[in-house]
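Working notes for the structure below.
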Amino acid sequence: MSAENKKTDAVTIAHKNEGWKVLTEEFNSLSSFNVRKTDQLRTCWDNLKRTTRKDKVATKKEIFLTGGGRPNHLPPGPLQEQVEILLGPTLDGLANEFDSDGQFQESVTASNKVKEDSTEILPIEYY
């Protein structure tokens, strides 16, 4: 099953909305004082995806900078690593063997494959 279903037909949207309702109920049952609405949780997920993609691009950009020295980017945290696993191929984009960073794409794909094989899922702390 794909983590990010891109279909937009009526049946799929209804299925997604039902899934978000179930997720909201589960989230609110685990939280004793923070009750969230479905829209809030969706926005949080969208923000997590956006931040993960921006950090991934910044890391890629940092790798191709010249000048030597230590990289300026921070390693991803456990939550961001889980989001990267869930986003899978949508995070890396399309491969292009003629692009100057084609070799980078291959190494990223190989490292993500190792992450996907890992079955350890860390608990998420809610604030």
Could you tell me how many of the residues in segment 35-52 are in contact (Cβ under 8 Å) with a residue 12 or more places away in the chain, over 20 Å from residue 84 (Cβ atoms) and either out of contact with any Lys or Arg (no Cβ under 7 Å at 6 or more places or on another chain) or among the hydrophobic types (A, V, I, L, M, F, W, C) (or both)? 2
Failed item, numbered, when residue 88 is tested on (1) without any contact (Cβ under 8 Å) to a residue 12 or more places away in the chain; (2) at positive phi: (1)
Test result for residue 23, aliphatic (A, V, I, L, M), surrounded by 10 or more Cβ atoms within 10 Å (Cβ to Cβ), assigned to a helix (DSSP H, G or I) and in contact (Cβ under 8 Å) with a residue 24 or more places away in the chain: no
Residue within segment 21-32 that is under 15 Å from residue 80 (Cβ atoms), out of contact with any Lys or Arg (no Cβ under 7 Å at 6 or more places or on another chain) and not hydroxyl-bearing (Ser, Thr, Tyr) present: no
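Every number here is computed from the coordinates shown, using simple stated rules; none is lab data. Because the structure is a prediction, the values reported are computed rather than measured. Ideal geometry is used to build each Cβ from the backbone, glycine not excepted, and the neighbour counts take in all protein chains shown.
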